[in-house]
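Below you'll find the structure I mean.
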Ligand code: DGY
(Lines give C-alpha, C1' and ligand atoms only; values in the text may rest on other atoms or scores of the structure.)
Protein backbone atom coordinates (compact mmCIF):
# COMPACT_ATOMS: atom_id res chain seq x y z
CA UNK A 1 0.00 0.00 0.00
CA UNK A 2 1.34 3.44 -0.98
CA UNK A 3 1.31 6.14 1.73
CA UNK A 4 1.98 9.79 1.03
CA UNK A 5 3.19 11.86 3.99
CA UNK A 6 3.34 15.58 3.20
CA UNK A 7 5.74 16.48 6.03
CA UNK A 8 8.36 14.56 7.94
CA UNK A 9 6.93 13.19 11.20
CA UNK A 10 8.80 11.71 14.19
CA UNK A 11 10.89 8.69 13.30
CA UNK A 12 8.86 6.32 15.49
CA UNK A 13 5.91 6.60 13.06
CA UNK A 14 8.05 6.20 9.93
CA UNK A 15 9.73 3.11 11.38
CA UNK A 16 6.39 1.49 12.22
CA UNK A 17 5.09 2.08 8.69
CA UNK A 18 8.30 0.75 7.11
CA UNK A 19 8.34 -2.32 9.31
CA UNK A 20 4.75 -3.02 8.30
CA UNK A 21 5.94 -3.03 4.66
CA UNK A 22 4.11 0.14 3.58
CA UNK A 23 5.60 2.12 0.71
CA UNK A 24 6.17 5.67 1.96
CA UNK A 25 6.67 8.84 -0.07
CA UNK A 26 7.81 12.01 1.70
CA UNK A 27 8.64 14.93 -0.61
CA UNK A 28 11.96 16.75 -0.28
CA UNK A 29 10.02 20.03 -0.34
CA UNK A 30 8.13 20.22 2.95
CA UNK A 31 5.99 23.14 1.80
CA UNK A 32 4.20 21.91 -1.29
CA UNK A 33 1.99 24.20 -3.35
CA UNK A 34 -1.67 23.06 -3.51
CA UNK A 35 -1.12 21.71 -7.04
CA UNK A 36 1.97 19.74 -6.08
CA UNK A 37 0.18 18.36 -3.05
CA UNK A 38 -2.77 17.17 -5.17
CA UNK A 39 -0.38 15.45 -7.61
CA UNK A 40 1.12 13.41 -4.80
CA UNK A 41 -2.36 12.56 -3.50
CA UNK A 42 -3.47 11.39 -6.95
CA UNK A 43 -0.77 8.77 -6.90
CA UNK A 44 -1.29 7.20 -3.49
CA UNK A 45 -3.58 4.76 -1.69
CA UNK A 46 -3.47 6.56 1.63
CA UNK A 47 -2.50 9.95 2.98
CA UNK A 48 -0.86 10.74 6.29
CA UNK A 49 -1.73 14.41 6.57
CA UNK A 50 0.18 17.00 8.53
CA UNK A 51 -1.39 20.47 8.70
CA UNK A 52 -4.62 22.01 7.50
CA UNK A 53 -4.96 20.74 3.90
CA UNK A 54 -8.64 20.60 2.98
CA UNK A 55 -10.26 17.25 2.22
CA UNK A 56 -13.46 18.44 0.60
CA UNK A 57 -15.65 17.24 -2.30
CA UNK A 58 -13.17 18.63 -4.84
CA UNK A 59 -10.32 16.76 -3.25
CA UNK A 60 -12.18 13.43 -3.29
CA UNK A 61 -13.18 13.95 -6.93
CA UNK A 62 -9.63 14.80 -7.95
CA UNK A 63 -8.02 11.98 -5.99
CA UNK A 64 -10.22 8.89 -6.48
CA UNK A 65 -7.34 6.53 -5.56
CA UNK A 66 -7.18 7.73 -1.96
CA UNK A 67 -8.80 5.07 0.20
CA UNK A 68 -7.74 6.18 3.69
CA UNK A 69 -6.71 9.36 5.47
CA UNK A 70 -4.70 9.38 8.67
CA UNK A 71 -4.59 12.85 10.18
CA UNK A 72 -1.63 13.94 12.26
CA UNK A 73 -4.03 15.84 14.55
CA UNK A 74 -6.92 15.26 16.91
CA UNK A 75 -9.08 17.86 15.13
CA UNK A 76 -10.68 16.58 11.94
CA UNK A 77 -12.42 19.75 10.79
CA UNK A 78 -10.17 19.80 7.69
CA UNK A 79 -12.05 16.77 6.35
CA UNK A 80 -15.58 16.79 5.01
CA UNK A 81 -16.64 13.68 6.90
CA UNK A 82 -19.89 13.32 4.96
CA UNK A 83 -17.94 13.14 1.69
CA UNK A 84 -15.45 10.67 3.20
CA UNK A 85 -18.32 8.50 4.47
CA UNK A 86 -19.96 8.50 1.03
CA UNK A 87 -16.79 6.94 -0.34
CA UNK A 88 -16.19 4.64 2.66
CA UNK A 89 -12.93 6.38 3.43
CA UNK A 90 -11.85 6.01 7.06
CA UNK A 91 -10.40 9.16 8.64
CA UNK A 92 -7.97 8.52 11.49
CA UNK A 93 -7.01 11.08 14.11
CA UNK A 94 -4.80 11.28 17.20
CA UNK A 95 -6.89 11.77 20.35
CA UNK A 96 -5.56 11.61 23.95
CA UNK A 97 -1.84 11.75 23.17
CA UNK A 98 -1.86 15.53 22.90
CA UNK A 99 -4.40 16.36 25.61
CA UNK A 100 -1.77 17.08 28.24
CA UNK A 101 0.41 19.21 25.95
CA UNK A 102 -2.51 21.22 24.58
CA UNK A 103 -4.05 21.86 28.00
CA UNK A 104 -0.59 22.92 29.22
CA UNK A 105 -0.61 25.63 26.56
CA UNK A 106 -4.12 26.77 27.59
CA UNK A 107 -2.92 26.93 31.19
CA UNK A 108 0.22 28.82 30.18
CA UNK A 109 -1.78 31.36 28.17
CA UNK A 110 -4.22 31.88 31.04
CA UNK A 111 -1.37 32.60 33.43
CA UNK A 112 0.57 34.74 30.96
CA UNK A 113 -2.46 36.96 30.45
CA UNK A 114 -3.44 37.13 34.12
CA UNK A 115 0.08 38.31 35.04
CA UNK A 116 0.52 40.53 31.97
CA UNK A 117 3.55 38.61 30.73
CA UNK A 118 3.42 40.03 27.16
CA UNK A 119 3.38 43.59 28.45
CA UNK A 120 6.29 43.11 30.82
CA UNK A 121 8.33 41.02 28.36
CA UNK A 122 8.02 43.82 25.81
CA UNK A 123 9.12 46.39 28.38
CA UNK A 124 12.24 44.38 29.18
CA UNK A 125 13.04 44.01 25.46
CA UNK A 126 12.55 47.78 25.06
CA UNK A 127 15.19 48.41 27.76
CA UNK A 128 12.46 49.78 30.03
CA UNK A 129 12.89 47.75 33.23
CA UNK A 130 11.13 50.46 35.28
CA UNK A 131 11.26 51.19 38.98
CA UNK A 132 9.26 49.28 41.55
CA UNK A 133 5.79 50.80 41.36
CA UNK A 134 3.12 49.51 43.77
CA UNK A 135 0.30 50.48 41.44
CA UNK A 136 1.60 49.94 37.94
CA UNK A 137 0.02 47.34 35.59
CA UNK A 138 -1.01 44.84 38.23
CA UNK A 139 -2.07 41.33 37.34
CA UNK A 140 -4.92 39.36 38.84
CA UNK A 141 -4.62 36.13 40.81
CA UNK A 142 -6.56 33.09 39.77
CA UNK A 143 -7.09 31.46 43.17
CA UNK A 144 -10.73 30.55 43.74
CA UNK A 145 -11.84 32.14 40.46
CA UNK A 146 -14.20 30.47 38.00
CA UNK A 147 -12.96 28.59 34.97
CA UNK A 148 -15.55 28.15 32.24
CA UNK A 149 -14.79 25.35 29.81
CA UNK A 150 -16.51 25.32 26.46
CA UNK A 151 -16.30 21.68 25.34
CA UNK A 152 -15.36 19.41 28.22
CA UNK A 153 -13.76 16.45 26.47
CA UNK A 154 -10.29 15.10 27.07
CA UNK A 155 -8.37 18.37 26.65
CA UNK A 156 -10.98 20.40 28.53
CA UNK A 157 -10.85 17.91 31.38
CA UNK A 158 -7.05 18.22 31.65
CA UNK A 159 -7.30 22.01 31.68
CA UNK A 160 -10.01 21.92 34.35
CA UNK A 161 -8.00 19.49 36.47
CA UNK A 162 -4.88 21.68 36.32
CA UNK A 163 -6.90 24.77 37.28
CA UNK A 164 -8.53 22.90 40.16
CA UNK A 165 -5.24 21.58 41.50
CA UNK A 166 -3.18 24.73 41.01
CA UNK A 167 -5.69 27.43 41.96
CA UNK A 168 -8.68 25.63 43.45
CA UNK A 169 -10.79 27.21 40.73
CA UNK A 170 -14.53 26.55 40.46
CA UNK A 171 -15.22 24.69 37.26
CA UNK A 172 -18.29 25.35 35.15
CA UNK A 173 -18.73 23.93 31.68
CA UNK A 174 -20.95 23.84 28.65
CA UNK A 175 -20.90 20.77 26.46
CA UNK A 176 -23.08 18.61 24.25
CA UNK A 177 -23.34 16.07 27.10
CA UNK A 178 -22.76 16.01 30.82
CA UNK A 179 -19.27 14.91 31.84
CA UNK A 180 -19.85 12.71 34.89
CA UNK A 181 -16.15 12.24 35.63
CA UNK A 182 -15.55 16.00 35.75
CA UNK A 183 -18.62 16.49 37.92
CA UNK A 184 -17.48 13.79 40.36
CA UNK A 185 -13.74 14.44 40.47
CA UNK A 186 -13.60 18.19 40.00
CA UNK A 187 -17.03 19.28 41.19
CA UNK A 188 -17.60 20.70 37.71
CA UNK A 189 -21.04 22.19 37.15
CA UNK A 190 -22.92 22.03 33.87
CA UNK A 191 -24.29 25.46 32.87
CA UNK A 192 -26.05 26.99 29.88
CA UNK A 193 -23.97 28.80 27.27
CA UNK A 194 -25.27 32.14 28.59
CA UNK A 195 -24.25 31.26 32.15
CA UNK A 196 -20.85 30.11 30.99
CA UNK A 197 -20.27 33.43 29.25
CA UNK A 198 -21.49 35.64 32.08
CA UNK A 199 -19.96 33.73 35.03
CA UNK A 200 -16.46 32.79 33.83
CA UNK A 201 -13.36 34.63 35.02
CA UNK A 202 -11.44 32.53 32.52
CA UNK A 203 -13.27 31.13 29.51
CA UNK A 204 -11.32 28.44 27.70
CA UNK A 205 -12.42 26.74 24.47
CA UNK A 206 -11.78 23.01 24.08
CA UNK A 207 -14.55 21.83 21.76
CA UNK A 208 -14.18 20.23 18.34
CA UNK A 209 -14.80 22.78 15.64
CA UNK A 210 -17.72 22.48 13.25
CA UNK A 211 -19.27 25.11 10.98
CA UNK A 212 -22.16 25.60 13.42
CA UNK A 213 -19.56 27.06 15.82
CA UNK A 214 -18.18 29.55 13.31
CA UNK A 215 -17.46 32.82 15.14
CA UNK A 216 -19.71 31.82 18.03
CA UNK A 217 -17.56 34.04 20.22
CA UNK A 218 -18.38 37.43 18.77
CA UNK A 219 -19.31 40.92 19.88
CA UNK A 220 -22.58 39.91 21.51
CA UNK A 221 -20.81 37.23 23.56
CA UNK A 222 -17.80 39.38 24.53
CA UNK A 223 -20.23 42.06 25.71
CA UNK A 224 -21.77 39.63 28.18
CA UNK A 225 -18.44 38.54 29.67
CA UNK A 226 -17.02 39.91 32.91
CA UNK A 227 -14.65 42.88 32.59
CA UNK A 228 -11.95 40.84 34.37
CA UNK A 229 -12.46 37.81 32.10
CA UNK A 230 -9.64 36.13 30.23
CA UNK A 231 -10.56 34.52 26.90
CA UNK A 232 -8.42 31.51 25.96
CA UNK A 233 -8.61 29.74 22.62
CA UNK A 234 -6.36 26.76 21.92
CA UNK A 235 -8.93 24.88 19.82
CA UNK A 236 -9.56 26.52 16.43
CA UNK A 237 -9.40 30.16 15.39
CA UNK A 238 -12.78 29.82 13.67
CA UNK A 239 -14.49 29.83 17.07
CA UNK A 240 -13.94 33.57 17.50
CA UNK A 241 -14.45 36.69 15.46
CA UNK A 242 -11.05 38.33 15.76
CA UNK A 243 -12.17 41.89 14.96
CA UNK A 244 -14.85 41.66 17.65
CA UNK A 245 -12.28 40.23 20.05
CA UNK A 246 -9.91 43.11 19.29
CA UNK A 247 -12.70 45.64 19.93
CA UNK A 248 -13.70 43.94 23.18
CA UNK A 249 -10.08 44.08 24.36
CA UNK A 250 -9.57 47.71 23.39
CA UNK A 251 -12.86 48.76 24.93
CA UNK A 252 -11.97 46.81 28.09
CA UNK A 253 -15.10 44.67 27.85
CA UNK A 254 -12.78 41.83 28.87
CA UNK A 255 -9.37 41.78 30.57
CA UNK A 256 -7.28 39.89 28.04
CA UNK A 257 -6.91 37.02 25.62
CA UNK A 258 -4.57 34.09 25.16
CA UNK A 259 -4.62 32.59 21.69
CA UNK A 260 -2.81 29.57 20.32
CA UNK A 261 -5.11 29.68 17.30
CA UNK A 262 -6.15 32.71 15.31
CA UNK A 263 -8.72 33.74 12.74
CA UNK A 264 -7.36 33.69 10.08
CA UNK A 265 -4.42 31.38 10.55
CA UNK A 266 -1.61 32.22 10.16
CA UNK A 267 -2.40 35.60 11.69
CA UNK A 268 -1.82 38.59 9.38
CA UNK A 269 1.41 40.35 10.31
CA UNK A 270 -0.43 43.68 10.61
CA UNK A 271 -3.35 42.37 12.67
CA UNK A 272 -3.83 45.10 15.30
CA UNK A 273 -4.47 42.48 17.97
CA UNK A 274 -0.72 41.82 17.95
CA UNK A 275 -0.15 45.36 19.18
CA UNK A 276 -2.22 44.88 22.34
CA UNK A 277 -0.40 44.34 25.60
CA UNK A 278 -3.24 42.31 27.15
CA UNK A 279 -2.95 39.60 24.52
CA UNK A 280 -0.60 36.65 24.22
CA UNK A 281 -0.50 34.92 20.82
CA UNK A 282 1.27 31.66 19.99
CA UNK A 283 1.48 30.03 16.53
CA UNK A 284 -0.70 26.92 17.06
CA UNK A 285 1.84 24.96 19.11
CA UNK A 286 -0.54 23.11 21.44
CA UNK A 287 0.83 19.70 20.56
CA UNK A 288 4.44 20.80 20.05
CA UNK A 289 6.19 18.59 22.62
CA UNK A 290 8.41 15.60 21.91
CA UNK A 291 6.04 13.35 23.86
CA UNK A 292 2.85 14.49 22.14
CA UNK A 293 4.33 14.46 18.64
CA UNK A 294 5.76 10.96 19.15
CA UNK A 295 2.34 9.82 20.34
CA UNK A 296 0.68 11.39 17.31
CA UNK A 297 3.14 9.68 14.94
CA UNK A 298 2.47 6.35 16.62
CA UNK A 299 -1.32 6.73 16.43
CA UNK A 300 -1.23 7.82 12.78
CA UNK A 301 0.97 4.85 11.90
CA UNK A 302 -1.26 2.45 13.85
CA UNK A 303 -4.25 3.74 11.90
CA UNK A 304 -2.64 3.14 8.52
CA UNK A 305 -1.23 -0.23 9.46
CA UNK A 306 -4.64 -1.40 10.66
CA UNK A 307 -6.21 -0.15 7.43
CA UNK A 308 -3.58 -1.93 5.31
CA UNK A 309 -4.57 -5.20 7.02
CA UNK A 310 -8.24 -4.63 6.31
CA UNK A 311 -8.93 -3.78 9.96
CA UNK A 312 -10.76 -0.83 11.48
CA UNK A 313 -8.52 2.11 12.38
CA UNK A 314 -8.07 2.11 16.18
CA UNK A 315 -8.39 5.92 16.37
CA UNK A 316 -11.08 6.79 13.88
CA UNK A 317 -13.05 10.02 13.48
CA UNK A 318 -15.81 8.47 11.35
CA UNK A 319 -17.66 5.29 12.22
C1 LIG B 1 -4.86 19.14 16.49
O2 LIG B 1 -4.35 18.06 16.77
O3 LIG B 1 -6.05 19.24 16.14
C4 LIG B 1 -3.99 20.34 16.54
O5 LIG B 1 -4.71 21.50 16.65
C6 LIG B 1 -3.11 20.39 15.32
O7 LIG B 1 -3.89 20.67 14.20
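Against the condition within 20 Å of residue 299 (Cβ to Cβ), surrounded by fewer than 21 Cβ atoms within 10 Å (Cβ to Cβ), outside the structural domain of residue 230 (by TED's automatic domain parsing) and at pLDDT 95 or above, how does residue 58 come out, does it pass?
The answer is no for residue 58.
Right, here's the next one. Give the number of residues within region 199-222 that are farther than 23 Å from residue 138 by Cα, surrounded by 14 or more Cβ atoms within 10 Å (Cβ to Cβ) and in contact with a helix residue (DSSP H, G or I) (Cβ under 9 Å, 6 or more places away or on another chain).
12
Residue check: is residue 52 surrounded by fewer than 19 Cβ atoms within 10 Å (Cβ to Cβ) and within 16 Å of the ligand (Cβ to nearest atom)?
When the stated conditions are applied, residue 52 passes them.
Continuing with the same structure: Taking the criterion of being under 14 Å from residue 279 (Cα atoms) and touching a strand residue (DSSP E or B) at 6+ places or on another chain (Cβ under 7 Å), would at least one residue in region 96-109 satisfy it?
Checked against the condition, which is being under 14 Å from residue 279 (Cα atoms) and touching a strand residue (DSSP E or B) at 6+ places or on another chain (Cβ under 7 Å), region 96-109 yields at least one hit.
Next up: Starting from region 115-134, keep only residues that are in the same structural domain as residue 231 (by TED's automatic domain parsing), then list their pairs with residues that are in a helix (DSSP H, G or I) and modelled with pLDDT of 95 or more whose Cβ atoms are within a distance under 7 Å, requiring at least 6 positions of separation or different chains.
Short answer, once both residue conditions are applied: 118/112; 130/123.
While we're looking at this one, here's another question. For region 230-253, what are the residues that are assigned to a loop (DSSP other than H, G, I, E, B) and under 19 Å from residue 213 (Cβ atoms)?
Result: 234, 235, 236, 241.
Considering only region 112-136, state which residues are outside any helix (DSSP H, G or I) and either in contact with a helix residue (DSSP H, G or I) (Cβ under 9 Å, 6 or more places away or on another chain) or within 23 Å of residue 285 (Cα to Cα) (or both).
Within region 112-136, the subset outside any helix (DSSP H, G or I) is 115-116, 126-136.
Scanning region 112-136 gives 115, 116, 128, 129, 130.
Working only within region 61-79, note down all residues that are more than 27 Å from residue 261 (Cα to Cα) and either within 16 Å of the ligand (Cβ to nearest atom) or assigned to a helix (DSSP H, G or I) (or both).
Correct list: 61, 62.
Can you confirm whether residue 109 is buried (at least 21 other Cβ atoms within 10 Å of the Cβ), within 16 Å of the ligand (Cβ to nearest atom) and not in a helix (DSSP H, G or I)?
When the stated conditions are applied, residue 109 does not pass them.
Would it be correct to say that residue 272 is surrounded by fewer than 19 Cβ atoms within 10 Å (Cβ to Cβ), out of contact with any helix residue (DSSP H, G or I) (no Cβ under 7 Å at 6 or more places or on another chain) and at pLDDT 95 or above?
No; evaluated as a whole, the condition is false for this residue.
Do you know which of the residues in region 67-78 that are out of contact with any helix residue (DSSP H, G or I) (no Cβ under 6 Å at 6 or more places or on another chain) and within 15 Å of residue 304 (Cβ to Cβ) is surrounded by the most Cβ atoms within 10 Å (Cβ to Cβ)?
69
Looking only at region 1-36, filter to residues that are assigned to a helix (DSSP H, G or I) and out of contact with any strand residue (DSSP E or B) (no Cβ under 9 Å at 6 or more places or on another chain); which one of those is nearest to residue 68 (Cα to Cα)?
Per the stated criteria, the residue is 16.
From (1) surrounded by fewer than 21 Cβ atoms within 10 Å (Cβ to Cβ); (2) within 21 Å of residue 13 (Cβ to Cβ); (3) within 16 Å of the ligand (Cβ to nearest atom), pick out the condition that doesn't hold for residue 300.
(1)
Same structure, new question: Going residue by residue through region 245-254, is there one that turns out to be within 14 Å of the ligand (Cβ to nearest atom) and closer than 23 Å to residue 126 by Cα? Steps first, answer last, please.
We begin by selecting, within region 245-254, every residue within 14 Å of the ligand (Cβ to nearest atom); these are none.
No, that holds for no residue.
Still on this structure: Given the structure, is residue 152 touching a helix residue (DSSP H, G or I) at 6+ places or on another chain (Cβ under 9 Å), touching a residue at least 60 places away in the same chain (Cβ under 8 Å) and assigned to a loop (DSSP other than H, G, I, E, B)?
no
The values are calculated or read from the model by the stated rules, or taken from the named source; none is laboratory data. Bear in mind that the values here come from a model prediction, so they are computed numbers and not experimental data. Please note: Cβ atoms are built from the backbone with ideal geometry, for glycine as well, and neighbour counts cover all protein chains shown.
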